[in-house]
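Remarks on the structure that follows.
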Amino acid sequence: MSVVDEVEAKKNITLKQLQYLLDGNEAAYLKERALAVRREHYGNEVFIRGLIEFTNYCRNNCYYCGIRRDNQNVDRYRLSEGEIMECCTEGYRLGFRTFVLQGGEDGFFTDEKICHIVSSIKGSFPDCAVTLSIGEKTRESYKAFFEAGADRYLLRHETANAVHYQRLHPSDLSLDNRKECLNNLKDIGYQVGAGFMVGSPGQTIKTLYDDLQFLRELNPHMVGIGPFIPQHDTPFATEKAGTVDMTVTLLAVIRLLLPRVLLPATTALGTIDPVGREKGLMAGANVVMPNLSPKRVREKYALYDKKICTGEEAAECIECLKRRVSKIGCSVVCDRGDYR
Ligand code: 5AD
Ligand code: FES
């Protein structure tokens, strides 16, 4: 039995098998199987999520992130509730049925404000899913957002290895708390997304193995992975970026471990390779998350350098994506794209 077949059959992977696949062995067959598994559950449909980056203020200071607190060179902005609603209206017109509200951990947006925004969106667009991606909160806050109508929550675990976690974050953040948040979210009833960066400083085969085992345990509905890309105003400015090959290999492995998972071909992957997202979709990914933020704030949400699509309107991106997706034999669908 090939290693790929074994991983697919057992829905598990050993450290040795991971090393073997990351070395590029059975690469074509791995992608072929991941694609087949994705097709079994989701056919050739690609789900779209409209990303609304509504604040780039952040109280955290993660070493990798361009909007970290200490970065004085960020032009900070917040969208008003009215502006957020306008993004949704335009998104709805373009066919989006999921809105992802993503932002830094910004104290200006109190629980009350977030709940108000969520219930306004759900009130105006009852057939849409609302996803929040606003970081670590208390269980009570998560519960309040859920009761206001939020359906899903994205919170990447970043790394499942505690030592590596501290290499990426200052000491006021901990892996234990991150895990606690993810467990709370799941327990409350959210569809939950975890994930990590590929090639982040200090990442090793062992930390990646820990990531995969953590994902198997958590069994999230979504997994967001993309290459680490240095941002010039961060402590990691001179670190090396993650690679396309490694990201694509890990996407395929994750598809085999969690066959039904919702797996985005991320903007970061599209940033390090002009056809990175297509490569991701051909290796088992089934989601893309174009930007719905107003054009004037696009460049200000710079988690990493050279981010794509900062000059395009949402309408241009969706046209572009439809073309790209159909070129590889898939089609963009206009529905909520729930976990199956
Ligand atoms: N490169 C790639 N991804 C990044 N993120 C933050 N900074 C970077 C970077 N420099 C990712 C993190 C975070 C998500 C919103 O973006 O994984 O969870
Ligand atoms: Fe934005 Fe292609 S997806 S320009």
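A few comments on the model shown:
- Projected label distance in nm at Thr110 and Tyr339, using a 7 Å step from Cα toward the beta-carbon: 3.2
- Computed magnitude of the charge dipole of the stretch 3-333 (debye, nearest 20; Cβ of K, R +1, Cβ of D, E -1): 420
- Restricting the stretch 66-116 to chymotrypsin sites (Phe, Trp or Tyr not before Pro) that sit in a DSSP loop and have at most 10 other Cβ atoms within 10 Å of their own Cβ leaves Phe108.
- Probe 1.4 Å, protein heavy atoms only - accessible area per residue of the chain in square angstrom: 40
- Arg59/Met1 FRET efficiency (R0 56 Å; Cβ-Cβ; nearest 0.05): 0.65
- Antiparallel content of DSSP bridges confined to the chain, in %, to 5: 5
- Accessible-area composition of the stretch 3-333, carbon plus sulfur, in percent [1.4 Å probe]: 50
- Between Glu299 and Thr238, the contour length at 0.36 nm per residue exceeds the alpha carbon distance by 19.9 nm.
- Principal axis extents of the Cα atoms in the chain, from largest to smallest and rounded to whole angstrom, are 57, 43, 38.
The values are calculated or read from the model by the stated rules, or taken from the named source; none is laboratory data. Since this is a predicted model, take the numbers as computed values, not measurements. For neighbour counting, all protein chains shown are included, and Cβ atoms are generated from backbone atoms with ideal geometry for every residue, glycine included. Accessible surface areas use protein heavy atoms only, side chains included; no ligands, DNA or RNA. Shrake-Rupley method; radii C 1.70, N 1.55, O 1.52, S 1.80 Å.
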